[in-house]
1. For segment 208-248, count all C-alpha to C-alpha pairs, find those more than 13 Å apart, and express that count as a whole percent of the total.
2. Pull out the extension gain between Arg559 and Ala87, defined as 0.36 nm times the separation in residues minus the alpha carbon to alpha carbon distance; nm, one decimal.
3. Please sort 171-181, 574-584 by packing, taking for each peptide the average over its residues of neighbouring beta carbons within 10 angstrom, highest first.
4. What's the FRET efficiency of Leu501 with Glu439 using the Cβ-Cβ distance as r and R₀ = 35 Å, to the nearest 0.05?
5. Set the Förster radius R0 to 25 Å, insert the Cβ-Cβ distance between Val459 and Gln299 as r into 1/(1 + (r/R0)^6), and round the FRET efficiency to 0.05.
6. Quick one: which residues, 5 or more positions from Phe375 or on another chain, have an amide H under 5 Å from its amide H? H modelled 1.01 Å from N in the peptide plane, none for Pro or chain starts.
7. Subtracting the Cα-Cα distance from 0.36 nm times the residue separation, let me have the gained length for Trp223 to Asp34 in nm, one decimal.
8. Mind pulling the per residue volume of the convex hull built on the Cα atoms of the chain? Å³ is fine.
Amino acid sequence: MARKHLLPLLAAAVWLLTVLPYRATLGYGLINLDDYQYTVEKSQNTGPVSGASLAWLFRSFDDAIWMPVTRLSYLADFKLWGGSFGAMHAVNVAAHGVNAVLLLLLLLQLFAPGGGCLGRPPEGRAAAACALAALLWSLHPLRVESVAWVASRKDVLAVFFMLAAWLLWLRRLDRPERSAAGQAYGVAAVAAFALAGMSKPTAMTWPLLAGLLELFRTGRVRWRDYAVPVFLACVVGAVAGMAQRAGGAMAGLAHVPLYGRAWNAAAALGIYTWKTLCPTGLAVQCINRWPDAPRFGLQGLAISAVLGLYLAAAFLGLFRRPLRAALAGLRTGAAAQGPWVAPGTGRLAGFVGAAFALAAVAPTLGLSAFGLHAFADRFTYLPALGLSLLAAAGLTRLARGFRPAAALAAAALLLCGVLTDRQVGYWRDEKTLFSRTLEFDLPNNAYAHGILGCYSYEVEHDLEGARRHFEVALRQQRTRSLNAFHPVYIKVLAELGETALAKEETQLFTAQLAEATQGDVSKMTFDTKLQSPSLGLLLYALIAVEEGDLELARMHLDRHDRLLPDAPWALFLRGKMALKEGEKAAAVRYFERSLADRTTFLRHRFFEPELQRLKQELP
């Protein structure tokens, strides 16, 4: 095989093998965890493109996050594919495959001949080792959450632009320091980094990670080149903080003291390390257990201590002499020349890979009071790139003298592929996904029970099952974070005939909502933006419908319509009232209008078959 054909063939193979385990996602729908919020519930996506909708992409702090590039990709989904859920998944999967190819190219820059490689092995072996390392990253089961979840596209896009930026940044090292070509590569890299930051704010770690890669490639870092990237990173971090505060997301773990969050961070680091080696029992939305001890708490502390000691020892072993020389240079006024350390060595690969992973995961460890999670598989999407550097270093060295290395690597890839294919299957619907969360996280995980309650009502219309899930959720956590589930619970109670209890829950819900907004709709944020003060009228109307007091229900709905005309759930209730009054044709018209708009949080997917039955009964 001609060497000029080797890289295109390897790139095609890496892309194809990466996307293969995700083929089933093309038939999946959305998950009731941010997917609807990011896509169909945004009128800027479903409506016509305008200057206002494009400006919203860059101004929006919706969902407590600033991600204009990711929002633009969702807008493109609706304009190019008509909002097809399968197409949305296909974009995620294809982009993940491209990321695997970009990682292959990055590893080749670090390890191929002429790039400061480890031992300068033959090009074919180096390319094969880098391809295997890229596949170990892309086929690992921990990647599934970022790829199979439409709402996690921000991870995939951010890493796409970060990888592109690193490739350009390292290419500048192949040009004279002040040359026009070198500066052009630097400018292009900074532009790609800016797009990464606008895809997901955690990309703000890019300058630090770029410095580690440059250190591995050349043995030193051109610090003066990093002024603009560091400034951009500070801007991205500041905007991200503004979005989190504006969205109320900083309240999620505000009740947990700093030492509790630090303990959970150590536990999360331990879990990520262990799950990288043994990727079983993976689950989504594992919540912080405070005041109970975090899962994997003691083991996490031990792993964090070992990692810290290793990094400290590796740093001193690598940089003790360069630091002494630098201090001596300060005293004599002579600047140190040449590499600080020998580039591309095994010791440096170990330090850079571990430091990369730790620096990349640090913003997601929960030291800030953001969200409710204790840990999440998606938070390993970027940090695991550092581990791929370790894998490439090890595979490159093994390829030179250990013949079974290829077979062992192939076996590891096959195992990862099988586990990933199985993990993808859990993402087919909320019931399968969050039942697994209850199995492997807390059996009383309030958030999982809330979502399962919504699924039982909206899809299966299992009222008793929905009630059981909601009552477990509310027993565990009666906080604003569960407000999105509370109205559905009230609806379930009303349909079960528990109207007195439904009224009590409505009073409690509206009181919580009034406290959150202080009566001012403009103050509605992350926890409350899916609700509005008019929702209380809607809830009392549905209770009146179930009690048979249609006049009272009509009065509540008329008041509601003056605040929010033609709301899908109000139309649904008017259809039920028409049905009780024997007006099937009017009921069908209301139901059709209600189901035509899926931008409301209170979906009623179960009713479509019933609507078809009613239409068949019409004369």
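What follows draws every value from the coordinates through simple rules; no lab data is involved. Given the structure is predicted, the values throughout are model-derived calculations rather than measurements. Please note: Cβ atoms are built from the backbone with ideal geometry, for glycine as well, and neighbour counts cover all protein chains shown.
1. Numbers: 500 of 820 pairs.
Taking all Cα-Cα pairs of segment 208-248, the fraction more than 13 Å apart is 61 percent.
2. Details: separation 472, 0.36 × 472 = 169.92 nm, distance 4.01 nm.
Length difference between fully extended and current span is 165.9 nm.
3. Numbers: 171-181: 13.1, 574-584: 17.0.
Highest mean packing first, the order is 574-584, 171-181.
4. Values: r = 30 Å, r/R0 = 0.85.
Here the calculated transfer efficiency is 0.70.
5. FRET efficiency, Val459 to Gln299: 0.10.
6. Cys286
7. Numbers: separation 189, 0.36 × 189 = 68.04 nm, distance 3.96 nm.
Going from the current span to full extension adds 64.1 nm.
8. That works out to 176 Å³ per residue.
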